[in-house]
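The values are calculated or read from the model by the stated rules, or taken from the named source; none is laboratory data. This one's a predicted model, so the numbers in the text were calculated from it and none came from an experiment. Here Cβ is always computed from backbone atoms with ideal geometry, including for glycine, and neighbour counts include all displayed protein chains.
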Amino acid sequence: MYEKEEEMLDKTKKKLEQVIVPEQLVNDAILQGLFQAKSRKRRRKKTLWAFSVAAILILTFVTSIRVSPTFASAISTIPGMDRFVYLIQFDKGIEAIVENDYYESIGITQVKNNISFTVDGIIIDETGAEIFYTLEAPHSLDNMDYEHIKLFNDEHELVASSSYDLPDQETANRKVDQFSLVFVEPEQFKSNNFEVQFEVKQANKTILFKVPFTLKNEIKAGKVYTLNETVEIDGQQIRLKEIKVYPLRVSVTLEFNEQNEKKILQFEDMRIEDEKGEVWSSIQNGITGFGENQLKVNTYFLQSNYFKEPKELYLKFDKVQALPKVESYLLVDFAKKEILEQPSDGKMEVVNVGGNTIELKYQPIRENHTYSLFSQGENAKGEIVDIGMQANWGDEEEQHAEITIDAKDIINPVKIDFIAYPNYLDGSVSIQVK
């Protein structure tokens, strides 16, 4: 279907390979073109036409990445573009952010100890931030350890959980990636003045980068849909409190009735659909959020499509993992290497109990996604017990998990709550949001 486009791309690529262009100039040109799809109003018709063409080109560019693996693969070879290809392919919200010019290019570099750290750009809203960066040095960065990643607004630290990939890249002395931050609470920013602090360690030397910048664009506020409606699924009552739609993610806040007989663990297929049945916001690689199913009120995050305005919206979910509350944990005596209490449905088997380890096998929970079964435990004194390591392996027929408890925290018996389990409620839920 896209043979002609791919043939043209191949010819163009061969021509480009014959032209010597500084790498940084290529990066700058691509970023400028990619993130200026939406034009501002211009007085002259000629300029307006040029920006209209640019918008069409960007839309075609994004669409081609999504529908043509060959095109996406070719674009990924351009320095700095692989991260955007990945995001556009797997997240509709990022695609809409690109199309609506909500990404802001920063391009500020700080150099310390012959290592340069560049904040290339940022996507930020009240729930978190995606910080795109480049790290370069005249030597290999393979043995470099990442320490702290922090974001400040007017010298106020934005408390957040952070993650990064540390991807394998072609050049050992250059890393191009992103930091993903999720704020513990929605933030109300005092100004558009920010600072990224990034600490690295190499050869026993700790280097702290501090890159201040000021955003030019407005930070979009969330769209709030207040529901306060109670639904029932398989006899379990859940109150849908509110949905907040932000550029980066959608937050769904649910309250679980304390009288429920079962503990809700995971929502494998929570989604928002429009009036046409198109999935407008959904789970990406498993659901994330706050509460870890330990609290009465939990907030879950879905993919966003903030820049769409459908006539109607519906929150839907099914494939809800749950266990009877009286069987929603393992009770373990590590001294005797025995399981005292466990779920009775036979869908999970404890293979081995060591002095501070447990190995289990169970039915696969979800195709192409492995859940962590536990988050933490509680010892006989009611103190938190940390799970130092959690490993998973297996195939489509059988999964295995092994956890290691910090031995110093063990006071038997230890109760370890499940946060995922291959048991489901019957039924589904659909409620109109808009």
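Within region 239-249, being of a type outside the set (Asp, Glu) and either part of a strand (DSSP E or B) or assigned by TED's automatic domain parsing to the domain that holds Phe183 (or both) holds for Arg239, Leu240, Lys241, Ile243, Lys244, Val245, Arg249.
For region 136-145, which residues satisfy the criterion of being closer than 18 Å to Thr109 by Cβ and without any contact (Cβ under 8 Å) to a residue 60 or more places away in the chain? It would help to see each step written out before you state the result.
From region 136-145, those closer than 18 Å to Thr109 by Cβ are 136-139, 141, 144; that's our starting set.
Glu136, Ala137, Pro138, His139, Met144, listed by residue number.
Taking the condition within 26 Å of Ile272 (Cβ to Cβ) and in contact with an Asp or Glu (Cβ under 8 Å, 6 or more places away or on another chain), does Asn352 pass? Don't jump to the end; show me each part of the working.
Details: within 26 Å of Ile272 (Cβ to Cβ): no; in contact with an Asp or Glu (Cβ under 8 Å, 6 or more places away or on another chain): yes.
In short, no.
Would you check if Phe132 is part of a strand (DSSP E or B), closer than 30 Å to Asn100 by Cα, in contact with a strand residue (DSSP E or B) (Cβ under 8 Å, 6 or more places away or on another chain) and at pLDDT 95 or above? The answer is no for Phe132. Within region 256-280, which residues are under 20 Å from Tyr421 (Cα atoms), part of a strand (DSSP E or B) and of a type outside the set (Lys, Arg)? Once the filter is applied, which keeps residues that are under 20 Å from Tyr421 (Cα atoms), part of a strand (DSSP E or B) and of a type outside the set (Lys, Arg), region 256-280 yields Phe256, Ile264, Leu265, Gln266, Phe267, Glu268, Asp269, Met270. For region 184-194, the set of residues classified as at pLDDT 90 or above and out of contact with any Pro (no Cβ under 9 Å at 6 or more places or on another chain) consists of Glu187, Gln188, Phe189, Lys190, Ser191, Asn192, listed by residue number.
For first residues located in region 250-261 and assigned by TED's automatic domain parsing to the domain that holds Gly235 and closer than 11 Å to Tyr225 by Cα, partners that are of a type in the set (Phe, Trp, Tyr) and not in a loop (DSSP other than H, G, I, E, B) and lie 6+ apart or on another chain with Cβ distances below 6 Å form the pairs Ser251/Phe301; Val252/Tyr300. For region 365-377, does any single residue satisfy the condition of being surrounded by 13 or more Cβ atoms within 10 Å (Cβ to Cβ), of a type in the set (Phe, Trp, Tyr), over 27 Å from the mean Cα position of the chain (by Cα) and not assigned by TED's automatic domain parsing to the domain that holds Lys262? Checking region 365-377: not a single residue is surrounded by 13 or more Cβ atoms within 10 Å (Cβ to Cβ), of a type in the set (Phe, Trp, Tyr), over 27 Å from the mean Cα position of the chain (by Cα) and not assigned by TED's automatic domain parsing to the domain that holds Lys262. Considering region 337-360, and only residues there that are under 20 Å from Gln321 (Cα atoms) and touching a residue at least 40 places away in the same chain (Cβ under 8 Å), the residue that is surrounded by the most Cβ atoms within 10 Å (Cβ to Cβ) turns out to be Leu360. Among the criteria (1) assigned to a strand (DSSP E or B); (2) buried (at least 16 other Cβ atoms within 10 Å of the Cβ); (3) among the charged types (D, E, K, R), the one Glu187 does not fulfil is (1).
Residues of region 149-169 being within 19 Å of Thr118 (Cα to Cα), in a strand (DSSP E or B) and at pLDDT below 90, which ones? Step through it out loud before you land on a result.
Taking region 149-169 as the starting set, the residues that turn out to be within 19 Å of Thr118 (Cα to Cα) are 149-153, 162-169.
Checking the rest, the ones that are also in a strand (DSSP E or B) come to 149-153, 162-163.
The answer is Ser162, Ser163.
Residues of region 192-210 that are in contact with a Ser or Thr (Cβ under 8 Å, 6 or more places away or on another chain) and more than 15 Å from Glu157 (Cβ to Cβ): Asn192, Val200.
Cβ-Cβ contacts under 7 Å between residues 6 or more apart (or on different chains), taken from a first residue in region 411-434 that is more than 14 Å from Leu340 (Cα to Cα) to a second residue that is among the acidic types (Asp, Glu) and part of a strand (DSSP E or B), are listed as Ser428/Asp318; Ile431/Glu229. The number of residues in region 406-434 that are closer than 30 Å to Glu275 by Cα and assigned to a strand (DSSP E or B) comes to 5. Any residue in region 380-387 that is surrounded by 15 or more Cβ atoms within 10 Å (Cβ to Cβ) and either in contact with a Leu (Cβ under 6 Å, 6 or more places away or on another chain) or on the phi > 0 side of the Ramachandran plot (or both)? No, because not a single residue in region 380-387 is surrounded by 15 or more Cβ atoms within 10 Å (Cβ to Cβ) and either in contact with a Leu (Cβ under 6 Å, 6 or more places away or on another chain) or on the phi > 0 side of the Ramachandran plot (or both). Is at least one residue of region 200-213 hydrophobic (A, V, I, L, M, F, W, C), loosely packed, with under 14 Cβ neighbours inside 10 Å and in a loop (DSSP other than H, G, I, E, B)? Looking for residues that are hydrophobic (A, V, I, L, M, F, W, C), loosely packed, with under 14 Cβ neighbours inside 10 Å and in a loop (DSSP other than H, G, I, E, B), one finds at least one in region 200-213, hence yes.
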